[in-house]
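The values are calculated or read from the model by the stated rules, or taken from the named source; none is laboratory data. Just so it is clear, the structure is predicted and the values come from calculations on it, not from any experiment. Here Cβ is always computed from backbone atoms with ideal geometry, including for glycine, and neighbour counts include all displayed protein chains.
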Amino acid sequence: MWEDLGKTLVDVAYAGVGAVVLVAEQAGKLGKVLVERGEEAVDRAGRYSEELHQKVQDDIQRRRDEALDGKISSMDAQQREDLRRRLDELDEIERQAAEMQADAEDSGVTEIHGGPQDQDDDIFQ
């Protein structure tokens, strides 16, 4: 009888150790699954965020375009002609700036000195 009790206690101890090992193994597997699922969820959320950001940007651009179209449509002939003239002036300024940039790059100029950023700051103290 004492032998049976001792064997039963040993079996219970082994069962307890086995249960701990099994729980640890399953917890490790569960942990891996949880990490994988978490990574997938974060990835999906990031993609969703990017898509949402792009949709918002597209909507903002669409509304700007509609507002501009509305403003232009409400202009009279003289206002549209003034706008064309101003756009031509801006195109010319942009062309000149690009030409100056190309000339500066060709001549090796990388910085322009003598502007307000180069003035002595002592006069302000």
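Contact annotation: no residue pair with Cβ atoms under 8 Å, 6 or more positions apart or on different chains, pairs a residue in region 91-109 that is aliphatic (A, V, I, L, M) with a partner that is assigned to a helix (DSSP H, G or I) and surrounded by 10 or more Cβ atoms within 10 Å (Cβ to Cβ).
Here is a yes/no grid of residues against (1) among the charged types (D, E, K, R); (2) out of contact with any strand residue (DSSP E or B) (no Cβ under 9 Å at 6 or more places or on another chain); (3) modelled with pLDDT of 85 or more:
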position	(1), (2), (3)
GLU40	yes, yes, yes
ARG44	yes, yes, yes
GLN54	no, yes, yes
ASP106	yes, yes, no
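Restrict the check to region 65-75 and report whether at least one residue is outside any helix (DSSP H, G or I), surrounded by 10 or more Cβ atoms within 10 Å (Cβ to Cβ) and not small (Gly, Ala, Ser).
Here is the first cut: in region 65-75, the residues outside any helix (DSSP H, G or I) are 74-75.
Then drop every residue that is not surrounded by 10 or more Cβ atoms within 10 Å (Cβ to Cβ), which leaves 75.
Filter again for not small (Gly, Ala, Ser), leaving 75.
Yes - at least one qualifying residue is present in region 65-75.
Can you say whether LEU34 is free of Cβ contacts under 8 Å to residues at least 24 places away in the same chain, surrounded by fewer than 10 Cβ atoms within 10 Å (Cβ to Cβ) and either among the hydrophobic types (A, V, I, L, M, F, W, C) or in contact with a strand residue (DSSP E or B) (Cβ under 7 Å, 6 or more places away or on another chain) (or both), as far as the supplied structure shows?
Working: free of Cβ contacts under 8 Å to residues at least 24 places away in the same chain: yes; surrounded by fewer than 10 Cβ atoms within 10 Å (Cβ to Cβ): no; either among the hydrophobic types (A, V, I, L, M, F, W, C) or in contact with a strand residue (DSSP E or B) (Cβ under 7 Å, 6 or more places away or on another chain) (or both): yes.
Against the criterion (free of Cβ contacts under 8 Å to residues at least 24 places away in the same chain, surrounded by fewer than 10 Cβ atoms within 10 Å (Cβ to Cβ) and either among the hydrophobic types (A, V, I, L, M, F, W, C) or in contact with a strand residue (DSSP E or B) (Cβ under 7 Å, 6 or more places away or on another chain) (or both)), LEU34 does not qualify.
Determine, yes or no, whether ARG80 is part of a helix (DSSP H, G or I) and either loosely packed, with under 10 Cβ neighbours inside 10 Å or under 32 Å from the mean Cα position of the chain (by Cα) (or both). The answer is no for ARG80.
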